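Structure, as structure tokens:
The values are calculated or read from the model by the stated rules, or taken from the named source; none is laboratory data. This one's a predicted model, so the numbers in the text were calculated from it and none came from an experiment. Cβ coordinates were reconstructed from backbone atoms using ideal geometry, including for glycine residues, and neighbour counts include every protein chain displayed. What goes into the accessible areas is simple: the full protein's heavy atoms, side chains included, and nothing from ligands, DNA or RNA. Shrake-Rupley method; radii C 1.70, N 1.55, O 1.52, S 1.80 Å.
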Amino acid sequence: MPDVAVHDPQIPGVEVERIAESATDPELILHRFISRDRNTLVKVHSSHTHKYASSQLASKDLENSEKSKKIELPDSDESAFSGDENAPTLIDFEDDDPTDPRNFSAPRKHFLTTCLILLLLNSTFASSSSSGAAEAIEERFGSSTIVTILAVSLFMVGYVIGPLIWSPMSEHYGRRYVFLSSFSAYLVFTIACAVSPSMAALIVFRFFQGLCASCPVAVAGAVFADIYSDPIKRGRAVSLFCGSTVMGTLSGPFISGYISTSKLGWRWVFWITAIYASACLIMLIFAVPETFRPILMVRRAAKLRKEGHNVVAAYELEEKDFRSIVVNVLLRPLRMLFKEVIVAAICVYIAFVYGLLFMFFQAYPIIFQQDRGMSPGKGNLMLMPIGVGAVIATIAHYTYDIRIQNQKKAGRVVSLEIERLPVTVITAWFLPIGLFWLGWTSFTRIPFGVTMLGGIWFGVGFTSLFIGFLNYVTDCYKIYAASAHGIMSVTRSLVAAVFPLFAPAMYHNLGTPWATSLWAFLGLAMAPTPILFYKYGHILRARSEFCSALAQQKL
């Protein structure tokens, strides 16, 4: 029996589809595909209660509905769904609904992208800022070098745990709520770092600062998926976002190096971060709306029910008990890590290159400050060529996006691999080139300008890998992009927390040339990864539980 579509004129701006009863079948089993998960909704007639069954990723066949899980509606909401004669109306966005984040105007989307980049710059600046002030902090509290490094590493441990919370919760409670709660706490702990009375207190506060600061890194990519339906425009936004990640991280050490050696002192590194965070929080409150479409539709349904309409949003029919939240929401990033080959491979690669960046915050002071006698500010300034490389990589991806867009306008069919990976296939080799360059030009007889230029090669490879892979993951997993990005953030932050701890001993024992070359050889071993995705990506997606389901649902 076919579905029955009803466009209710009493609900302006909402396209609806009514689940109608069968005149010939008293047990009534009708279905419709709904929601972000393309669930099958089934109404089962009963003389005692009305239950709605939801089977994620179910077949179109009606007989499969008998395998669905039963969801008892809360008593408080039962009146909105009861009645054999008037089954509830499922509501969704119309194609041209202006409240749909995908239909926001171009200037508004650009403004939201700018807001997210500003949040990210604040977060990533905080992640590395204490490394530039390490000497001043060490002198103030009389701590050892390894204990001072913990101020960086414990922040990154917070980065590890945070995405496991923020990413899935943003898919359950909405993006705006998660941003506001996490960034408010981030401001509090940043101020706590500025007034820390001891090294132990600073380390603890840095952990919680990192826990809260990880939200923009983990969730922003999903917001881009919310507002940009065009993959070309979304890819450009992600390119800018990735470039900003590098610039924010690189700016921390040299800015804090100059501040900590000035009359302001190391505490003003955190006070300046807190002032910036306050401005970002105000921006969040007044300028950043909710963009997660299922949550927006839940709110619309609640409003319509208050006005007397018998409607329901698909997301309201999903299980909300504690067990289902833990299994389906909080554990989704881990499921993707262990079950999705695409996610697992990219997590390993990105974690390696991200760990290298944070290892440089310990290696560069050895190369340029200890060996060449530079001040903390000038020594950390040597990181800036990596930022130059990041700009070059961003421009390269932008230019390639324009070329792909022109091909699409000409009617050429472009695969996901061709659209996202060719630039990364080439630039992945730049990363080991930059490492070899840095290592074997680090001798003091070679001008420091030659040595620092190796950072450009590294920056191009590092940033291009981020841009290419984050775009690829976003396009593959779409509505689950927050969970995929979240587990990527977890793994790379875990490695970034560990690498700085053994970097000083490694460089002192092996020497700069061979210590850096060891990482270069590992980079060479990983460089073919984009080629493998380019050649076999369509096969991996076909075998992926998430990608296959999304393809079937046309999401």
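Brief remarks follow.
- The set of residues from region 225-240 being under 14 Å from residue 110 (Cβ atoms) and open to solvent by 10 Å² or more (accessible area, probe 1.4 Å) comprises 228, 230, 233, 234, 236, 240.
- Some residue of region 534-554 being open to solvent by less than 20 Å² (accessible area, probe 1.4 Å), farther than 24 Å from residue 359 by Cβ and acidic (Asp, Glu): no
- Scan of region 123-148 for residues that are farther than 27 Å from residue 216 by Cα and not aliphatic (A, V, I, L, M), ordered by number: 135, 138, 139, 140, 141, 142, 143, 144, 145
- Residue 131 open to solvent by less than 10 Å² (accessible area, probe 1.4 Å), in contact (Cβ under 8 Å) with a residue 60 or more places away in the chain and either under 21 Å from residue 312 (Cα atoms) or of a type outside the set (Phe, Trp, Tyr) (or both): no
Every residue, every condition in (1) closer than 30 Å to residue 508 by Cα; (2) at pLDDT below 80, yes or no:
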residue: 415; (1), (2): no, yes
residue: 420; (1), (2): no, no
residue: 428; (1), (2): yes, no
residue: 432; (1), (2): yes, no
residue: 440; (1), (2): yes, no
residue: 446; (1), (2): yes, no
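- Qualifying residue in region 247-268 (condition: within 30 Å of residue 409 (Cβ to Cβ) and assigned to a helix (DSSP H, G or I)): no
- Beta carbons closer than 8 Å, at least 6 apart along the sequence or on distinct chains, pair a first residue in region 378-393 that is under 27 Å from residue 421 (Cα atoms) with a second that is in a helix (DSSP H, G or I) and of a type in the set (S, T, N, Q) for 387/251; 389/463; 390/463; 393/427; 393/463; 393/464.
- Some residue of region 126-136 being at pLDDT 85 or above, at negative phi and under 28 Å from the mean Cα position of the chain (by Cα): yes
- Among the candidates 390, 396, the residue that is under 16 Å from residue 237 (Cα atoms), open to solvent by 10 Å² or more (accessible area, probe 1.4 Å) and either of a type outside the set (Lys, Arg) or assigned to a helix (DSSP H, G or I) (or both) is uniquely 396.
- Among the residues of region 480-500, just one is among the hydrophobic types (A, V, I, L, M, F, W, C), open to solvent by 10 Å² or more (accessible area, probe 1.4 Å) and under 12 Å from the mean Cα position of the chain (by Cα), namely 490.
- Among residues of region 359-385 being buried (at least 22 other Cβ atoms within 10 Å of the Cβ) and small (Gly, Ala, Ser), the one that is modelled with the lowest pLDDT is 379.
- Taken over region 135-146, the criterion of being without any contact (Cβ under 8 Å) to a residue 60 or more places away in the chain and touching a helix residue (DSSP H, G or I) at 6+ places or on another chain (Cβ under 6 Å) is satisfied by 138, 143.
- Residue 146 being among the β-branched types (Val, Ile, Thr), surrounded by fewer than 23 Cβ atoms within 10 Å (Cβ to Cβ) and under 29 Å from the mean Cα position of the chain (by Cα): no
- Unique match (being open to solvent by 20 Å² or more (accessible area, probe 1.4 Å) and at pLDDT 80 or above) among 451, 512, 529, 463: 529
- Residue that is farthest from the chain's Cα centre (by Cα) [pool: residues in region 310-343 that are at pLDDT 80 or above and open to solvent by 30 Å² or more (accessible area, probe 1.4 Å)]: 310
- Filtering region 269-297 to residues that are in a helix (DSSP H, G or I) and of a type in the set (Ser, Thr, Tyr) leaves 273, 276, 278.
- Count - residues of region 181-201 that are hydrophobic (A, V, I, L, M, F, W, C), in a helix (DSSP H, G or I) and out of contact with any helix residue (DSSP H, G or I) (no Cβ under 6 Å at 6 or more places or on another chain): 3
- Yes/no for residue 463 being closer than 21 Å to residue 224 by Cα and in contact (Cβ under 8 Å) with a residue 12 or more places away in the chain: yes
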